[in-house]
Amino acid sequence: MPSYEIAVIPGDGIGPEVICEALKSLNALAPRFGFTVDLRSYPFGAEYYLKHKEVLPKGGLEDLGTAKALLLGAVGDPRVPPGPVEQELLLALRFHFDQYVNIRPSRTWPNAPIPVAVPEGAEIDVLVVRENTEDFYMNLGASGDGGHLKATLPVRRGLYSGEAKIELSLDPPSEAAFTLGVLTSPGTGRAAERAFSLAEERGERLLYSATKSNALPHIYGFWDRTVAEAAKSHPAVKLKNINVDNLAYQLVRAPQHFGVVLCPNLFGDIISDLAAGITGGLGLAASANIGDGLSMFEPVHGSAPDIAGTGKANPLAAILSVSLMLDHLGEREAAEALNAAVETYLSKSPRVSLPYELDGGAPCPKVGDLVVRAIEGHL
Ligand code: NAD
Ligand code: IPM
Ligand code: MN
């Protein structure tokens, strides 16, 4: 019987609440589909940082790396200034394990009200494929005053290591800051390859690449050329470049026209929240950070401090992230059964048993229990 060691970082805010429900589903599926899971929970996040004055212990990443997959809730806490926990935990995981592509599906679900109009019978089914280790997320930058900024920055992310030397002189002198966006052809190319393969699997005729080469031709012109090169080996799928501002507009106006949407890292972050917003909400948006080593599965949403502890968190994004994880582990039937259970739960439940986010009245643990009942065939 296959056995999977799964590292779990519940994290902050609603993170532990939604992960608790996701694990209920995972534990219910394992015996039914003939595998076992060995869960290793890690206390990392804001609480750990406040207590230990460090985000991760020495060797923490290496230890996590021995697991088969990582399930993460969310990190970030108003008691900690924005930055350290997100940078040194979440982003550090993506970079350390070279999780080069972030797959973020958003689709319409039964009984999940949507804020946009789609034609009768049409559905929204958008798959955002986000490049995950380059662009502005390399975080090469500096801030300072005096009109003269000089920085030699270590590049230690994604595929590359090296140095970036940047000098900025302003006249008249003023406080200033900059961040350098960096793309490389292997970095963009492998994300594009993955997006084209996913488009082929889904039988898409088109693949949209969200760009902004009209304003930023160095970085995004390079993106366009690299994606066009990848397109040559996928003749069944036609590449369409779209300016990301227009994409944001069209996703609201005519979302049914979009399938696979490939985005550079920063645009992908924003467009995936937008895609969640026009479907069931962030509480239904799952994601998979895929690399050749440890891959990480997490909801698209954050720690939602505004609703943490109220029971209003929707755990379905975390539950659907377990489905993406099972698929990645090769447990395809279990993954599909979990999607089907979410579908059954949403379609068969009276409004009062749906998550608050979907105008229902079911607290987070009740949603988790009802999905388990659907897995068991009792709904
Ligand atoms: P957020 O995603 O936490 O919340 C945005 C809005 O969506 C809030 O109104 C929240 O209540 C709602 N929401 C989010 N998830 C929900 C769910 N499951 N059910 C119902 N409603 C939900 O974004 P934010 O407020 O910008 O960020 C809060 C913190 O989370 C910050 O510290 C941020 O850095 C961090 N963050 C972490 C991750 C991550 O760990 N992957 C992702 C995004 C943001
Ligand atoms: C996400 C988040 C992260 C990102 C933050 C918390 C650093 O918004 O996973 O979408 O920008 O990638
Ligand atoms: Mn985000």
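What are the trypsin sites (Lys or Arg not before Pro) within segment 1-70 that DSSP puts in a loop, where the Cβ has at most 12 other Cβ atoms within 10 Å? Present the calculation step by step, with values, prior to reporting the outcome.
Working: sites: LYS24, ARG32, ARG40, LYS51, LYS53, LYS58, LYS68; in loops: LYS53, LYS58, LYS68.
In loop regions of segment 1-70 (DSSP not H, G, I, E or B), the sparsely surrounded trypsin sites (Lys or Arg not before Pro) are LYS53, LYS58.
Taking the Cβ of TRP223 as the centre, find all other residues whose Cβ is under 12 Å away and add up their charges (Lys, Arg: +1; Asp, Glu: -1).
Summing Lys and Arg as +1 and Asp and Glu as -1 gives -3.
Among residues other than GLY377 whose Cβ falls under 13 Å from its Cβ, what is the net charge (Lys/Arg +1, Asp/Glu -1)?
So the environment of GLY377 carries a net charge of +2.
Among PRO82, ASN339, LEU206, whose Cα sits farthest toward the positive end of the charge dipole of the chain (+1 at Cβ of Lys/Arg, -1 at Cβ of Asp/Glu, about the Cα centre)?
LEU206
Computed over the Cα atoms of the chain, what is the convex hull's projected area averaged over all directions, in nm²?
Computing the convex hull of the Cα atoms and averaging its projections yields 20.0 nm².
Compute the separation of the alpha-carbon centres of segment 84-157 and segment 297-340 and state it in Å as a whole number.
So the separation of the two Cα centres works out to 18 Å.
With +1 on each Lys and Arg Cβ and -1 on each Asp and Glu Cβ, and nothing else charged, work out how big the dipole of the chain is about its Cα centre, in Debye to the nearest 20.
380 debye
Please report the spacing between the Cα centers of segment 220-281 and segment 1-69 in Å, no decimals.
31 Å
Add +1 for every Lys or Arg and -1 for every Asp or Glu among the other residues with Cβ under 10 Å from the Cβ of MET325, and state the total. It would help to have the intermediate numbers written out before the result.
Working: positive: LYS68; negative: GLU298, ASP327, GLU331.
In short, -2.
Using +1 at the C-beta of Lys and Arg and -1 at the C-beta of Asp and Glu, which of GLY189, GLY65, HIS52 has the Cα lying farthest in the positive direction of the dipole of the chain?
GLY189
Residue by residue, what Karplus-based ³J(HN,Hα) values in Hz, rounded to whole numbers, does segment 78-94 have, using 6.51, -1.76 and 1.60 with θ = phi - 60° and x for Gly and Pro?
Per residue, the Karplus-derived 3J(HN,Hα) values read x, 6, 10, x, x, x, x, 5, 4, 5, 8, 10, 4, 5, 4, 5, 4 Hz.
Here, each number is a calculation from the coordinates, and none is a lab measurement. Computed from a predicted structure; not experimentally measured. Quick reminder, even Gly has a Cβ in these numbers, built from the backbone with ideal geometry, and neighbours come from all protein chains shown.
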